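A.B. asks: Mind looking over this structure? Questions follow.
Just so it is clear, none of the values below were taken in a lab; they were calculated from the coordinates. Predicted, not measured: the structure shown is a model, and the values here were computed from it. Don't worry about glycine lacking a Cβ; one is built from the backbone with ideal geometry, like all the others, and counts go over all protein chains shown.
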Amino acid sequence: MTDPIQAPGGHPALDATGGETHQYLTFTLSGEMFAVGILNVKEIIEYGTLTEIPMMPPFIRGVINLRGRVVPVIDLSARFGGRQSEIGKRTCIVIVELAAGEQRELGIIVDAVSEVLEIPRNEIEPPPSFGAKIRADFIAGMGKVNGKFVIILKIDRALSSDDLAALTTLDAGVSPALGYVSPPAIEAGGVTAV
């Protein structure tokens, strides 16, 4: 799980009962409510034009040019074994930071962003061992909010090191994990096209 939000003075934020609280960005994906630790979220942007990368797994939708940086975009619905997300009016890309050896930014496509919630630690249940639509190791816990559950994701795990290895090689145009070597990259307006 993410580090607790720090209150002034460097202490974890406490709720009214004295328990630690954590802040989460909540969003919908295929009708389910999910959350990621707010400390992992860098920004939220409107869904725009993606540059598709040939021969990538279906959950890697492509890359975007974010102020001159190439940012890979993952379709979480497809990553969790479902269909690719259908793009609608409220579809957006959440830019998250992952710490996998070095800081890395990824975009994740979500159906709609809901709100930032504070969930006390005592309102978070352990992940279910079965019955969830996604792998249990992707789930940090089940937050109880207004009588309903919110699936709190381990975003670093959901975008595992194997996936990150494939993404890391996008910049070089080589994906040994997928058996693909692209032609030399061509610079096109700040975005590396392969």
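A.B. asks: Check which residues have an amide H placed less than 5 Å from LEU66's amide H, if you skip close sequence neighbours.
C.D. replies: Residues meeting the amide H criterion: VAL71.
A.B. asks: Relative contact order of region 15-108, please, whole-number percent, based on alpha carbon pairs below 8 angstrom and at least 6 residues apart.
C.D. replies: 24 percent
A.B. asks: Where does the charge balance sit around LYS144 when Lys and Arg score +1, Asp and Glu -1, over other residues with C-beta under 9 Å from its C-beta? Write out the running numbers ahead of the final one.
C.D. replies: Values: positive: LYS148; negative: GLU123, GLU125.
Taking every Cβ under 9 Å from that of LYS144, the sum is -1.
A.B. asks: Tabulate in residue order the Karplus-calculated ³J(HN,Hα) for region 66-80, using 6.51 cos²θ - 1.76 cosθ + 1.60 with θ = phi - 60°, rounded to whole Hz; enter x for Gly and Pro.
C.D. replies: 10, 6, x, 9, 8, 10, x, 10, 10, 8, 4, 4, 5, 4, 7
A.B. asks: Translational diffusion coefficient of region 73-153 at 20 °C, 1.002 mPa s, Stokes-Einstein with Kirkwood Rh over Cα pairs, in µm²/s as a whole number.
C.D. replies: So the translational diffusion coefficient is about 149 µm²/s.
A.B. asks: Which of the GluC sites (Glu not before Pro) across region 57-147 are loop residues per DSSP, with 10 or fewer other Cβ within 10 Å? Present the calculation step by step, with values, prior to reporting the outcome.
C.D. replies: Numbers: sites: GLU86, GLU97, GLU102, GLU105, GLU115, GLU118, GLU123; in loops: GLU86.
The qualifying sites are GLU86.
A.B. asks: Simple spin-label model, 7 Å along Cα-to-Cβ: GLU115 to SER30 in nm?
C.D. replies: Label-label distance for GLU115 and SER30, simple model: 2.6 nm.
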